[in-house]
Amino acid sequence: MPDFRFWHYDGVTAVRRSVLLRPAGDGFWLEEPESGWTGAHTRWSDLTVIGAEADRSVYGNSAIPGWRMGFSGEAPDGIAAHLPRGERYGRWIDRFGFWPAAGVFTVIAALVVWGALAAPGVIAPLIPRSWENRMGDAMVGDFGGRFCRTPAGDAALQALVAQVDPRHEARQVALANIPIVNAVTLPGGRIILFDGLLQQARSPDEVAGVLGHELGHVRHRDTMTGLVRQLGLSVVLGGLGGNTGAYLNGVLAMSYGRDAESAADGVAIDQMREARISPAATAAFFERIGGKEEGREAQAMTWLSSHPLSAERRRRFAAAVKPGSAYRPALDQAQWQALRGSCAADPKAAKFWGEGF
Amino acid sequence: MDQERIGGDGFAFEGNWRDYAPIAFTNLLLTIVTLGIYRFWATTRTRRYLWANTRFIDDRLEWTGTGKELFLGFLMVLVLIGIPLLFLQFGAQALILQGHAGLAGILTLAAFVTIFYMVGLARFRALRYRLSRTWWHGIRGGSDDQGFGYGISYMWKSFVGSIALGLLIPWSMMSLWNERWNRMSFGPHGFEAAGDHGPTFRRFLLFYLFPIVAAVGIAIVAVAAIPLGGMQPGGNAGRIGGMFVVIGLFIVGIYAGLGLIALAFYASFFREAVGGLSLTGLNFHFHARTRDWFLLFLGDIALVIATLGIGSIFLQYRHWKFFVTHMGATGEIYTDELTQSQTKTSRHGEGLLDALDVGAF
């Protein structure tokens, strides 16, 4: 041990020295006999591990950056006991051991993924309605002046809403001059029917079914859940980049998941029963629009993408038809024509802002 | 005295993929089970191995960066850039819904310019961070420049490079390389970067020549194919089938051709850039030719495909090894004059802004 040579850099210059280690008190001195050089006193407790590759060990000094002491092979007796142990995977993992740590992380990761999927549904109902309303108003405003308003059309829409939403759960139901077969629920309890939907629909009962479905999203606060999920995802994924078109599409085509859609259908059926409107037309609407999946009417795809269509959903509406019930049409013929003609008749309604998003 | 003469080419890589494999595989596993958070510590472990097995003249390099500082850097990027962009995203959404598409466009443009600036800043800071955590003979590198000015240079030089049909791209790349390295130092010595874009320009012109050659080639093939097709017994069907094959080959050829030109240009660019770099008495060189780069990427692709993707954990190793084995230095360095760096990286806390490592973007 007395003639065991370390190599050494003092952290001040790059000169390499071949030194002997002389223990003293709680530390040691390094000396280079050939040149008569002696370093400052170093405490054992200041030593840090810089690297331990193969048979090569390097130690640093937490008090002096760049100070290095190294050797090849085994540390000599009397010194090995004083040397600190290095990190391998990182301090936390070293403490538990590799496999236990990996196991614990796996469990935590599973919990986090499960929580991330379930959390939006838990958090959204906790957000006060007034916040959601204010946020929705800030986001939507007057929808760029695209709302269609004519006295007769408004009256017809109000008549429809009064039947499907008698308790005024939706804060606003409006018609927008957008030629897409769709209807959306926006934050703040706003339902917007697109003109394309009205032109595609064959009867007011179909529109009542869609309106009832959107009302289900309002009642269950699915939009807020979707927003919280979108927010969470963009934080987790560091959602940088993208373009505004994609953002808008994200809101319009926000998918709430199978369960939420099914629950919304349930609301639609309940509301229609209460209003004595037949669900048969809605079932027919599903069938018609589903059959066009590969047809030339590509617009139908919009509704399909945000409202996954299945034969099951169609059957559910069809099964809700009670034979012998005294159903009545959701709107009379004059009201229906006024509603459908509303966008064409309103000169102030802004045009759709381009072809497609 | 204390003078290191450089024999050979100065740099050597003494690692071995079998020693690295346990690091690579445990990194992969831990990164998966921590949903990616371990990647900062994984990067650190990998670099520590690669640096420790890289010899310069008579001693190995050391990497002293930590996973924690990379992680903090990532968190800072998330807070300083991610959250404002999130608000911007919702703002733009609301503006479009309300019909202010123009304003939304301006907002988006502002976000784009900011990100553009940040990319330049991050490049500078990544280099500074890496030098400040790289030690040799107990001495480290660094820079006193924060890189804010470089971010501006990056924006306008990239912009100027892209106008005029992109003819100024070699100039903009080399000029940015020089600007970056001229602000860096190792120990008391500043790097001097005097890379010249001129010699790389001939290869860059191939990008412009290639479409012309390709067009002439198609014309010749088309002229030659017309009589041939007519004579085929299959008649029309045979001719159309042949046409599809030719078009397919043509598309593959275009991609391969452009890829090779890019590789040839980059090989030349990197040789010139490193060749123009010096540190007091040391002059650096890079020896890899287009063929070497080509084999590197061919090897990468083969490795990743043959292992169904798992081999990608060795790419960092392969690239570092390629870099070190083709790196060279001539001249001399006086170790007694190579004193400790006084750059102020550690003054504003290890990591944080320093750790705007490119990987964090």
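The values are calculated or read from the model by the stated rules, or taken from the named source; none is laboratory data. Remember, predicted model here, so these are calculated numbers, not experimental data. Using ideal geometry, Cβ is built from the backbone for each residue, glycine included, and neighbour counts are taken over all protein chains shown.
Please note which helices (runs of 4 or more DSSP H) are completely contained in segment A:215-278 and include at least 2 residues that are within 27 Å of B:Gln93 (Cα to Cα) and modelled with pLDDT of 70 or more.
Output list reads A:222-236, A:258-275.
With A:Arg22, A:Arg43 as the choices, which residue is free of Cβ contacts under 8 Å to residues at least 12 places away in the same chain, touching a strand residue (DSSP E or B) at 6+ places or on another chain (Cβ under 8 Å) and farther than 30 Å from B:His189 by Cβ?
Just a single option satisfies the conditions, and that option is A:Arg22.
Quick test of your reading of the structure: A:Thr185 fulfils all but one of (1) surrounded by fewer than 23 Cβ atoms within 10 Å (Cβ to Cβ); (2) not in a helix (DSSP H, G or I). Name the failing condition by number.
Checking A:Thr185 against (1) surrounded by fewer than 23 Cβ atoms within 10 Å (Cβ to Cβ); (2) not in a helix (DSSP H, G or I), the one that fails is (1).
Filter segment B:27-64 for residues that are under 25 Å from A:Val113 (Cα atoms), touching a residue at least 12 places away in the same chain (Cβ under 8 Å) and among the polar types (S, T, N, Q) and give the result.
The answer is B:Asn27, B:Thr43.
Condition first: surrounded by 14 or more Cβ atoms within 10 Å (Cβ to Cβ), modelled with pLDDT of 90 or more, in contact with a helix residue (DSSP H, G or I) (Cβ under 6 Å, 6 or more places away or on another chain) and in a helix (DSSP H, G or I). Can you find one or more residues in segment B:119-131 that meet it?
Checking segment B:119-131: not a single residue is surrounded by 14 or more Cβ atoms within 10 Å (Cβ to Cβ), modelled with pLDDT of 90 or more, in contact with a helix residue (DSSP H, G or I) (Cβ under 6 Å, 6 or more places away or on another chain) and in a helix (DSSP H, G or I).
Given (1) assigned to a loop (DSSP other than H, G, I, E, B); (2) out of contact with any strand residue (DSSP E or B) (no Cβ under 8 Å at 6 or more places or on another chain); (3) of a type outside the set (Ser, Thr, Tyr); (4) buried (at least 21 other Cβ atoms within 10 Å of the Cβ), where does A:Ala156 come up short, assuming only one miss?
With respect to (1) assigned to a loop (DSSP other than H, G, I, E, B); (2) out of contact with any strand residue (DSSP E or B) (no Cβ under 8 Å at 6 or more places or on another chain); (3) of a type outside the set (Ser, Thr, Tyr); (4) buried (at least 21 other Cβ atoms within 10 Å of the Cβ), A:Ala156 is out only on (1).
Give all pairs with beta carbons closer than 7 Å in which a residue from segment A:111-127 that is more than 10 Å from A:Thr225 (Cα to Cα) meets a residue that is small (Gly, Ala, Ser) and in a helix (DSSP H, G or I); count only pairs at least 6 apart in sequence or on separate chains.
Cβ pairs passing all conditions: A:Ala116/A:Gly232.
Name the single residue, out of those in segment B:142-163 being of a type in the set (Gly, Ala, Ser) and touching a Lys or Arg at 6+ places or on another chain (Cβ under 8 Å), that is nearest to A:Ile64 (Cα to Cα).
B:Gly142
Of the conditions (1) closer than 30 Å to A:Arg258 by Cα; (2) at the interface with chain B (Cβ under 9 Å from one of its Cβ atoms); (3) surrounded by 14 or more Cβ atoms within 10 Å (Cβ to Cβ), A:Val104 satisfies every one except a single condition; which number is it?
Just one mismatch for A:Val104, condition (1).
Condition check: without any contact (Cβ under 8 Å) to a residue 60 or more places away in the chain, within 11 Å of chain B (Cβ to nearest Cβ) and in contact with a Phe, Trp or Tyr (Cβ under 8 Å, 6 or more places away or on another chain). Does A:Phe143 satisfy that?
Here the answer is no, as A:Phe143 does not meet what is asked.
Residues of segment B:299-313 being small (Gly, Ala, Ser) and either assigned to a helix (DSSP H, G or I) or at pLDDT 90 or above (or both), which ones?
The answer is B:Gly299, B:Ala302, B:Ala306, B:Gly311, B:Ser312.
Residue check: is B:Thr31 crowded, with 18+ Cβ neighbours inside 10 Å, among the β-branched types (Val, Ile, Thr), under 22 Å from the mean Cα position of the chain (by Cα) and more than 8 Å from every other protein chain (Cβ to nearest Cβ)?
No: the conditions fail for B:Thr31.
So, of the residues in segment A:159-182 that are within 13 Å of chain B (Cβ to nearest Cβ) and assigned to a loop (DSSP other than H, G, I, E, B), which turns out to be surrounded by the most Cβ atoms within 10 Å (Cβ to Cβ)?
A:Ile178
What number of residues within segment A:12-41 are under 15 Å from B:Asp59 (Cα atoms) and within 12 Å of chain B (Cβ to nearest Cβ)?
Summing the residues that are under 15 Å from B:Asp59 (Cα atoms) and within 12 Å of chain B (Cβ to nearest Cβ) in segment A:12-41 gives 5.
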